[in-house]
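**Q** There's a structure below that I have some questions on.
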Amino acid sequence: MPRPGSGIEERFAQMMLARLETFLPVVMLTNLVAVAVSQPTGVGLNNHILAVNTVTMALMVWGYVALRRGKVPSKGAHLLAAGVWCLSPVNTFTSFWATGSETLMFPLLIELVALAFLLDTRTALAASALTLGIGIVTFDHIGLDSIHFMSMLCGWFIGLTMQVALRKSWLRAELHHHDLQRALETLRIELAERKRAEADREQLRGQFVHAQRMEAVGTLSAGLAHDMNNILGSIMAFADVLHGEASDATTREDLDRIRQEAERGAALTRGLLAFSRRGAYRKRALLLTEVLDTITPLLERTLGKHITLERIDGAPVSLHGDQAQLGQAVVNLCLNGAQAMAGHGTLTIETALVQLAEGQVPGAPAGAYARISVADTGGGMDDTTRKRMFEPFFTTKPVGKGTGLGLAMVYGAVESHGGAVEVETALGRGTTIRLYFPAITAAPQPGTRAESPKRPMQGLVLIVDDEPTLRTGTARMVERMGLTAVTANDGAEALAVFQQRRNEVALVLLDMVMPHMDGPECFHELRRVAPVPILLISGYSDHASTQELLAAGADGFLEKPYSSEQLGVEVDRILGRRRPAAAAG
Ligand SMILES: Nc1ncnc2c1ncn2[C@@H]1O[C@H](COP(=O)(O)OP(=O)(O)OP(=O)(O)O)[C@@H](O)[C@H]1O
Ligand SMILES: [Mg+2]
């Protein structure tokens, strides 16, 4: 059997104290009964016996009171127990001494066997050896014969053997108890770990389902935005053309209104496209602070007097990004913050270079990140809002106050930059949204200049688009710029037209998504024939192929729907400078 550790010794001492508390009253009661039955059983009482019984009783009462008051330290438990055990046989020996009655052998044997009640063998041995000595002297004094000696020794031996055996079984039980406790503790830890793993798994599943739902909504909204852009593009084109031709003011005003409504629609589809991750075309290496520099003056003007705008810039950090798109994302966050504060409070925009460990921010592998945080002191979000905030068209604002596209756009911007987003919010305690973008070490590149000086233009523009109304509308815009337009329904037709009139064509406006031969293929075919300037046009295109064509020398990119001014600026820029001029990317 293994040696008992100090923990077990302490438990034994505590057990001994508890036993004493139970048995002391029993011993006291037995003593009283013994005194009471002395005379009837033929053991005469005298003053000596009464005095010793009184002292014994007093000692036991004192011990019991000390026990009840918790005054006995666990260290003294075994000693006290041995002392209490001694009192009864010593008492009996006194009676032997005084009366010489052999009847006293019965209580003496019971008292000796009660040695088994002690838990510590060494104190049991010491106490019983002392008692036995007194017994031998007493027996010798009153001249009892050897059978009494033998009986006393047997009683003592049985008591001691029982003590040792019982101690062993207690020890074994205690060790089992110990092992069981340890096993239970291990089980508890394992259960807690399993629960945590399950919670992690549940969280991952939730994230996966959320990502899938966002992906599905993204695909849906991109398709919708594509069709809407073509329709809005046509409306804007014809409204523009008619505006130029209308002679009376009322008609021009009406046409302006049509144009404004189409612009509003275009803003919505832009939001949708940004969400569906097909909007970041103009990426370059830029400083994170550049993103803020352009929007801070705008924010200061629009947020209102009672909102304090704080800007804290950390270590400079560069990222590969689309400045306009990121700026718009931060503006959207700030507008939300301002709305959540109902016009009063502090909005803090912070930039920092941070090192993330694996798993620190969901969706961001370990590495260096450019972090931009927007914190407000507004009302915060409840759990339901928090879970759905990035879904397009999810809004808690009244009809006409919010479209629910602000954060969808932020989400799209983060996705298209390979970043991650972290939201910290609690009802009544404000909201902090942190955007993380992979940091780069490349030096920032300057932004592109938007305009070039106007000059009269001439030449033939080949417009390639599968949408007939938009094609005609764009042709009318081009003609109003003083240029000649020729149109093609798809890539194949465009190639045929170009081969016939290659010397006349000054510019090709090329839609990216078309049946038969799409934009990218047509681009390469046209360039194989002649190095003609090509302006890419799309309302829906995966940004990778647009980037590729811009890198391959396309002259620019225009997002559908566009106004005649926007088209004019691009056409002017390209024809004004001629080749080569990769405007973006
Ligand atoms: N900083 C914020 N504090 C509290 N709630 C917010 C915060 N930002 C977003 N929300 C909640 O998330 C919802 C969605 O935000 P989102 O910006 O996408 O749409 P919106 O602000 O309602 O409308 P929009 O931005 O299109 O005008 C909001 O309606 C609002 O309930
Ligand atoms: Mg918003």
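**Q** Of all residues being open to solvent by less than 30 Å² (accessible area, probe 1.4 Å) and not in a loop (DSSP other than H, G, I, E, B) in segment 415-431, which is nearest to ligand 2 (Cβ to nearest atom)? Just the residue, please.
**A** Ranking the candidates gives T431 first.
**Q** Considering G83, G70, which residue is outside any helix (DSSP H, G or I) and surrounded by fewer than 19 Cβ atoms within 10 Å (Cβ to Cβ)? Explain how you work it out, then say what you get.
**A** Working: G83 fails: outside any helix (DSSP H, G or I).
One residue alone meets the criteria, G70.
**Q** Another one. Would you tally the residues in segment 378-409 being assigned to a loop (DSSP other than H, G, I, E, B) and either within 12 Å of ligand 2 (Cβ to nearest atom) or not acidic (D, E) (or both)?
**A** 20
**Q** Looking at P561 and the list (1) crowded, with 24+ Cβ neighbours inside 10 Å; (2) closer than 17 Å to K283 by Cβ; (3) in contact with a Gly (Cβ under 7 Å, 6 or more places away or on another chain), which single condition is not satisfied?
**A** Tallying (1) crowded, with 24+ Cβ neighbours inside 10 Å; (2) closer than 17 Å to K283 by Cβ; (3) in contact with a Gly (Cβ under 7 Å, 6 or more places away or on another chain), P561 fails exactly one: (2).
**Q** Going by what's in this entry, would G412 be described as more than 7 Å from ligand 1 (Cβ to nearest atom) and assigned to a helix (DSSP H, G or I)? Lay out the reasoning, then the answer.
**A** Numbers: more than 7 Å from ligand 1 (Cβ to nearest atom): yes; assigned to a helix (DSSP H, G or I): yes.
The answer is yes for G412.
**Q** Do we have any residue at all in segment 46-54 that's outside any helix (DSSP H, G or I) and open to solvent by 20 Å² or more (accessible area, probe 1.4 Å)?
**A** yes
**Q** What single numbered condition from (1) within 16 Å of ligand 1 (Cβ to nearest atom); (2) over 30 Å from L268 (Cβ atoms); (3) among the acidic types (D, E) fails to hold for E358?
**A** (1)
**Q** Criterion first (farther than 20 Å from T269 by Cα and open to solvent by less than 50 Å² (accessible area, probe 1.4 Å)) does M409 satisfy it?
**A** When the stated conditions are applied, M409 does not pass them.
**Q** Looking only at segment 370-406, filter to residues that are open to solvent by less than 20 Å² (accessible area, probe 1.4 Å) and within 16 Å of G327 (Cα to Cα); which one of those is farthest from ligand 1 (Cβ to nearest atom)?
**A** Going through the qualifying residues, I end up with A370.
**Q** Still on this structure: On the given criteria, is G63 more than 20 Å from I142 (Cα to Cα), at pLDDT 85 or above and of a type outside the set (A, V, I, L, M, F, W, C)? Lay out the reasoning, then the answer.
**A** Details: more than 20 Å from I142 (Cα to Cα): yes; at pLDDT 85 or above: yes; of a type outside the set (A, V, I, L, M, F, W, C): yes.
Here the answer is yes, as G63 does meet what is asked.
**Q** Let me ask another. Looking at T348 and the list (1) in a helix (DSSP H, G or I); (2) more than 16 Å from ligand 2 (Cβ to nearest atom); (3) surrounded by 15 or more Cβ atoms within 10 Å (Cβ to Cβ); (4) of a type in the set (S, T, Y), which single condition is not satisfied?
**A** (1)
The values are calculated or read from the model by the stated rules, or taken from the named source; none is laboratory data. A quick note: this is a predicted structure, and the numbers were derived from the prediction, not measured. Note that each Cβ is placed from the backbone with ideal geometry, even for glycine, and that neighbours are counted across all protein chains shown. For the accessible areas, the whole protein counts, side chains as well, though only heavy atoms, and no ligand, DNA or RNA atoms are used. Shrake-Rupley method; radii C 1.70, N 1.55, O 1.52, S 1.80 Å.
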